[in-house]
Amino acid sequence: MNLFCVGLSHHTANVETRERFAGRGESEYILRNSGCAEALLLTTCNRVEVYAASEKRVSTDDIVRCLSREDKDGSAVIDRRYSAPAFYRYENEKCVQHLFRVASGLDSMVVGESEIFGQTKKAYESARASGAAGPNLNRLFQRAFRVAKQVRTHTDITRGLVSVGSVAVDLAQRIFGNLNNCKVLVVGAGEMSERTARALISRGVTDLRVSNRSMDRAQELTRLIAGRAIPFDEWPQQCSEIDILITSTSSESPLLRPENLGPMLRDRLDRPLFIIDIAVPRDVDPRVNEIEGVYLYDIDSLQSVAEQSLALRRQQVAAAEAIIVQHVADFGAKISLGPSWEASAEHPSIGESPLRASEL
């Protein structure tokens, strides 16, 4: 039985490409249609990856085909030729090493961030509950969680800006300086939105509003941060008075477009509106950036801010990598993954991309 990973991430694909595949596959569908014995899909704002086990080789093109299947409304599949170069593939030992780095936050845009650990656990629990993850992926992911906990316990990798939300708030602070007098609206009330809201409060924001499809969840979050809940059908009107809009929902189509934003800006009296969209797929239509006085930043815009904070933690990255090397060797010694365990990743075939090293 061979383990492999096929995916794309912020290292190899921009947000426009990533959102084409985000939310489009389920582990069960991939398992049934690709020939894998076991399969697990991990989807976050910065990556879409399939981890699988198979006796016979399953091509990268087969996995990409499953990820780009037709929507429920029957619309056309994604043009795989356009996106194929962004996909990478890791086999056996390289697959194990890659997952350990992902779960530990070393492969994240914000190195050391902890959201990826919870996202990986949810993906694993979903695949296990459906039966898509069997004994091979069970052992692999259980070890990955153990490695991630050890990395966080024995290194200072989590120091500094260690979440997408905290980096987004840092960007806002660079734009406005003091945030005390800024009116901020956060759309979405999930884990990432909560972290973002807490980071805003810690930077001095006193007028913080939260809107979510579930009003109960919005009210629950605002009670924690002393904010104000806004009904979901009313949040666009808030754009006439707020200074900063941060969006992080699971919507599959843009919530904010020039057509519904434009009328809200007529009474702003030349006050700029800064929008930070950290959702994938994106919550805000890119054309919004063409509106005078509107400044839109998406998840990829946070890359340079994240890289600056990484400089403070490079020594901790090295310590974390050493822990991972030890676990990869131990994991390989305890299970049989076929004759290619010690081999490097395979040469890519037509339509497959070569392995891409981490861009740390």
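The values are calculated or read from the model by the stated rules, or taken from the named source; none is laboratory data. For clarity, every value in this text was computed on a predicted model and none was experimentally measured. Reconstructed Cβ throughout: ideal geometry from the backbone, glycine too, with neighbour counts over all protein chains shown. For accessibility, only protein heavy atoms count, side chains too; no ligands or nucleic acids. Shrake-Rupley method; radii C 1.70, N 1.55, O 1.52, S 1.80 Å.
Computed quantities for the displayed model
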quantity	calculated
Residue match in the range 269-276 (condition: on the phi > 0 side of the Ramachandran plot and surrounded by fewer than 14 Cβ atoms within 10 Å (Cβ to Cβ))	yes
Those residues of the range 297-332 which are modelled with pLDDT of 90 or more and hydroxyl-bearing (S, T, Y), in sequence order	Y297
Number of the exception - A172 against (1) assigned to a helix (DSSP H, G or I); (2) open to solvent by 10 Å² or more (accessible area, probe 1.4 Å)	(2)
Candidate set from the range 1-16 (those that are in contact with a helix residue (DSSP H, G or I) (Cβ under 7 Å, 6 or more places away or on another chain) and closer than 21 Å to L137 by Cα); member that is surrounded by the fewest Cβ atoms within 10 Å (Cβ to Cβ)	M1
V167 being open to solvent by less than 10 Å² (accessible area, probe 1.4 Å), more than 30 Å from C36 (Cβ to Cβ) and in contact with a strand residue (DSSP E or B) (Cβ under 8 Å, 6 or more places away or on another chain)	no
Scan of the range 41-89 for residues that are in contact with a Ser or Thr (Cβ under 8 Å, 6 or more places away or on another chain), at pLDDT 75 or above, more than 26 Å from E191 (Cβ to Cβ) and aliphatic (A, V, I, L, M), ordered by number	A52, V58, I63, V64, A86
Hits in the range 218-236 (condition: loosely packed, with under 14 Cβ neighbours inside 10 Å, of a type outside the set (D, E, K, R) and over 12 Å from D207 (Cβ atoms))	L224, P231
Verdict on V187 being within 22 Å of the chain's Cα centre (by Cα), in contact (Cβ under 8 Å) with a residue 40 or more places away in the chain and outside the structural domain of N46 (by TED's automatic domain parsing)	yes
Residue in the range 158-166 that is assigned to a loop (DSSP other than H, G, I, E, B), hydroxyl-bearing (S, T, Y) and touching a residue at least 40 places away in the same chain (Cβ under 8 Å) present	yes
Selection status of E19, among the acidic types (D, E), open to solvent by less than 20 Å² (accessible area, probe 1.4 Å) and touching a residue at least 12 places away in the same chain (Cβ under 8 Å)	no
Options L179, L208; residue that is open to solvent by less than 10 Å² (accessible area, probe 1.4 Å), modelled with pLDDT of 95 or more, farther than 27 Å from Y51 by Cα and touching a helix residue (DSSP H, G or I) at 6+ places or on another chain (Cβ under 8 Å)	L208
Cβ pairs under 8 Å, 6+ apart, first in the range 222-236 and of a type in the set (S, T, Y), second surrounded by fewer than 17 Cβ atoms within 10 Å (Cβ to Cβ)	T222/R228
Matching residues, the range 236-278, being part of a loop (DSSP other than H, G, I, E, B) and aliphatic (A, V, I, L, M)	I242, L255, L269, I278
Filtered residues of the range 207-221 (kept if farther than 16 Å from Q238 by Cα and assigned to a loop (DSSP other than H, G, I, E, B))	S214
Test: residue in the range 150-158 that is open to solvent by less than 60 Å² (accessible area, probe 1.4 Å) and charged (D, E, K, R)	yes
Top-ranked residue in the range 279-303 [being more than 14 Å from E16 (Cβ to Cβ) and in a strand (DSSP E or B); ranked as most open to solvent (accessible area, probe 1.4 Å)]	Y295
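For every residue, the table says whether it meets (1) touching a strand residue (DSSP E or B) at 6+ places or on another chain (Cβ under 7 Å); (2) open to solvent by 10 Å² or more (accessible area, probe 1.4 Å); (3) assigned to a helix (DSSP H, G or I).
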site	(1), (2), (3)
R101	no, yes, yes
V110	no, no, no
I116	no, no, yes
K121	no, yes, yes
S126	no, yes, yes
L137	yes, no, yes
Q142	no, yes, yes
